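Written below as structure tokens is the structure these notes are about.
The values are calculated or read from the model by the stated rules, or taken from the named source; none is laboratory data. Computed from a prediction, not measured in an experiment: that's the story for all the values here. Using ideal geometry, Cβ is built from the backbone for each residue, glycine included, and neighbour counts are taken over all protein chains shown. SASA here: full protein model, heavy atoms, side chains in, ligands and nucleic acids out. Shrake-Rupley method; radii C 1.70, N 1.55, O 1.52, S 1.80 Å.
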Amino acid sequence: MRRSYVVGNWKMNGDGSSLSEARSIAEAASRHPEVDVAICPPFTLIERMARALPTLAVGGQDCHPAPSGAHTGSVAAAMLAEAGAKLVILGHSERREGFGESDELVRRKVEAALAANLGVILCVGEPLSVREEGRAEAYVLAQLAGSLPYALLAEPSRVAIAYEPIWAIGTGLTPSLEDIAAMHAAVRGALGDAGEEMAILYGGSVNAENAAQILSLDDVDGALVGGASLKAASFAAIIAAAN
Ligand code: 13P
């Protein structure tokens, strides 16, 4: 039986004053012990949040594939772990598109994160033009094949896949429930036996109003939430809907 998993991606939002919001989220999470909850704040907040809120899983939003070296501005997976991170989001479309990250680079990041004992949320998702051309499933499955290390299929509990259609991120648009269900079933099928254990999350304009319907779909094990994770009230409602 896969557990429900709800993850907040704070993106480039939040400072020290946001810790009180995170505390309210941790309190809401403690009322739903059957749901795994994590927050991925900017790098600068990871250590403070992990120290202040030991019951909450705190994660990063990216890491470098190398363990150390001349990579100005980057952070290694082991550095995240040392700061108190338990997981890292990798391959988010804002990194794939905004920073030119290829499937191959994302795969090396996943390997680095696993070597540092971090859990991974691996993001995949199609742009609107690909959905309109009817190629969304093939596109997402190719991304998955390119960015998921083969060896990982032997350790499925350490990775969750997040299906985030790019056109649904921050737009208020979501695919139909049928389209979400079909994509999640396709991803599950492509994972083979590992798919029985691996959580598949949906992300893209999840909010307090639409979460219950999306999370009730068979192959949707949780949500990766951007904007609605910044406020405890809306994020707590999504956690409750994941019951
Ligand atoms: P929104 O929930 O703001 O659409 O963002 C989704 C996302 O990109 C989470 O990683």
With label points set 7 Å from each Cα along the Cα-to-Cβ direction at ARG23 and THR171, the distance between them in nm comes to 3.9 nm
Expressed in nanometres to one decimal, the distance between label points 7 Å along Cα→Cβ at ALA115 and GLU132 is 4.2 nm
Per-residue ellipticity at 222 nm attributable to helices in the chain (runs of n ≥ 4 DSSP H, -39500 (n - 2.57) apiece, nearest 500 deg cm²/dmol) works out to -11000 deg cm²/dmol
Sorting ALA136, LEU152, GLY98 by the position of each Cα along the dipole of the range 81-157 (Lys, Arg +1; Asp, Glu -1; all at Cβ), the one nearest the positive end of that ordering is LEU152
Applied in sequence order to the range 231-237, the curve 6.51 cos²θ - 1.76 cosθ + 1.60 (Karplus, θ = phi - 60°) yields integer Hz couplings, x standing for Gly and Pro, of 10, 4, 4, 6, 5, 4, 5
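Starting from 0.36 nm per residue, how many nanometres of slack lie between SER157 and LEU217 once their C-alpha separation is accounted for? Don't skip to the answer; put the middle values down first.
Details: separation 60, 0.36 × 60 = 21.60 nm, distance 2.04 nm.
The SER157-LEU217 span can extend by a further 19.6 nm.
Compute the length gained on full extension between GLU196 and ALA142: take 0.36 nm times their separation in residues and subtract their Cα-Cα distance, giving the result in nm to one decimal. Let's see the in-between values first.
Values: separation 54, 0.36 × 54 = 19.44 nm, distance 1.98 nm.
The GLU196-ALA142 span can extend by a further 17.5 nm.
Can you pull the semi-axes for the chain, root of five times each eigenvalue of the Cα gyration tensor, sorted largest first, whole Å? Please report the intermediate quantities before stating the final value.
Numbers: eigenvalues 117, 100, 55 Å².
Equivalent-ellipsoid dimensions as semi-axes: 24, 22, 17 Å.
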Once phi for every residue in the range 168-178 is put through the Karplus expression 6.51 cos²θ - 1.76 cosθ + 1.60 (θ = phi - 60°), the whole-Hz ³J(HN,Hα) values, with Gly and Pro written as x, are 9, 7, x, 10, x, 8, 9, x, 5, 4, 5
A student applying the Cα gyration tensor rule (rounded when a/c is under 1.5; otherwise prolate if a/b is larger than b/c, oblate if not) would label the range 113-243 oblate
Counting only residues 5 or more apart in sequence or on a different chain, those whose built amide H sits under 5 Å from that of TYR5 are ASP36, GLY222, ALA223
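What is the dipole size for the range 118-203, taken about its Cα centre, with +1 at each Lys and Arg Cβ and -1 at each Asp and Glu Cβ, in debye to the nearest 20?
Details: 4 positive and 11 negative charges, 34 e Å.
The dipole of the range 118-203 has a size of about 160 debye.
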Working note, the range 19-93: Cα radius of gyration (Å, one decimal) and Dmax (Å, whole number) are 13.2, 44
Magnitude of the Cβ-charge dipole (Lys and Arg +1, Asp and Glu -1) of the chain about the Cα centre, nearest 20 debye, reported as 700 debye
THR44 and GLU178 label points (each 7 Å along its Cα→Cβ direction) are spaced in nm at 4.7 nm
To the nearest 20 debye, the range 58-172 has a Cα-centred charge dipole, built from +1 on Lys and Arg Cβ and -1 on Asp and Glu Cβ, of 280 debye
With every protein chain kept in place and a 1.4 Å probe, the range 12-55 has an accessible area per residue in Å² of 54 Å²
For THR72 the rounded accessible area (nearest 10 Å², probe 1.4 Å, non-protein molecules ignored) is 140 Å²
Residues whose built amide H sits under 5 Å from the amide H of GLU126, excluding neighbours closer than 5 in sequence, are ILE166
For the range 180-219, listing GluC sites (Glu not before Pro) in a DSSP loop whose Cβ sees at most 13 other Cβ atoms within 10 Å gives GLU209
Once normalised by the length of the chain, the mean sequence separation of its alpha carbon contacts under 8 Å that are 6 or more apart gives a contact order in percent of 22 percent
Mean Cβ-within-10 Å packing, highest first, puts peptides 30-42, 59-71, 171-183, 227-239 in the order 227-239, 30-42, 59-71, 171-183
Taking alpha-carbon centroids only, the range 14-31 lies from the range 68-125 a number of Å equal to 24 Å
For ILE89, the residues 5 or more places away or on another chain with a placed amide H closer than 5 Å to its own amide H are GLY60, GLN61, ASP62, ILE121
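Would you mind computing Rg(Cα) / (2.2 N^0.38 Å) for the range 83-168, counting N as its residues? The partial results should precede the final answer.
Values: Rg = 13.0 Å, N = 86, 2.2 N^0.38 = 12.0 Å.
It is 1.09.
Based on alpha-carbon positions alone, could you give the equivalent ellipsoid semi-axes of the range 1-129 from the gyration tensor, as √(5λ), descending, whole Å? If you can, show how the numbers build up before the last one.
Working: eigenvalues 115, 60, 42 Å².
Value: 24, 17, 14 Å, ordered largest first.
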Those GluC sites (Glu not before Pro) from the range 122-176 that are DSSP loop and have at most 15 other Cβ neighbours within 10 Å turn out to be GLU133
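Counting only protein heavy atoms, what percent of the accessible surface of the range 101-239 is carbon or sulfur at a 1.4 Å probe? The partial results should precede the final answer.
Working: 2900 of 5530 Å².
Carbon and sulfur atoms account for 52 percent of the accessible area of the range 101-239.
So what is the accessible area of the range 114-243 per residue, in Å², with the probe set to 1.4 Å? Each step should come with its number before you reach the end.
On the way: 5190 Å² over 130 residues.
Dividing the accessible area of the range 114-243 by its residue count gives 40 Å².
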Phi-derived 3J(HN,Hα) across the range 191-198 with the Karplus relation (6.51, -1.76, 1.60, θ = phi - 60°), rounded Hz, x for Gly and Pro, is 7, x, 4, 4, x, 5, 9, 7
